[in-house]
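The values are calculated or read from the model by the stated rules, or taken from the named source; none is laboratory data. This is a predicted model, so every value here is computed, not measured. As a convention, Cβ positions derive from the backbone with ideal geometry for all residues, glycine included, and neighbour counts pool all protein chains shown.
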Amino acid sequence: MSPTVTDDDVGKPVESADGETLGTVVSADAERAHLDPEPDMTDSINAVFDWEPASGDIVPLEDDAIDEITDDAVRLRAEFSAESVAPDDEPEPELDG
């Protein structure tokens with residue numbers, strides 16, 4: 001089970017599995033955290049998340065993308081589903097069923 005980001009984690013840096021700081025947790029709710037990306041980290045965020053945020057975008061981060069939460073940082077898994085991160089304004093994909 002993945003750790004869940006809480007309000008106590010707001011302000012912590014979000015790090016890739018390599019230890020690179022991608023941004024900061026700015027809010028959390030029951031299903032996801034919201035990451036304010038570092039301005040110079042767009043290329044890294046694009047590589048890690050397979051999504052390029054626009055300037056000023058807050059990146060939603062599902063709990064299943066998180067490997068661990070420490071006193072100092074939120075660390076992401078080396079591999080996680082692309083659905084773990086998607087712009088808030090994009091509709092969720094519909095499943096055939």
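Here's the yes/no breakdown for (1) among the aliphatic types (A, V, I, L, M); (2) at pLDDT 70 or above; (3) more than 12 Å from the chain's Cα centre (by Cα):
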site	(1), (2), (3)
Asp9	no, yes, yes
Pro13	no, yes, no
Asp18	no, yes, yes
Val25	yes, yes, no
Ala28	yes, yes, no
Pro53	no, no, no
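Among the residues making up the stretch 15-35, those that are of a type outside the set (A, V, I, L, M, F, W, C), assigned to a loop (DSSP other than H, G, I, E, B) and within 17 Å of Asp64 (Cβ to Cβ) are Ser16, Asp29, Glu31.
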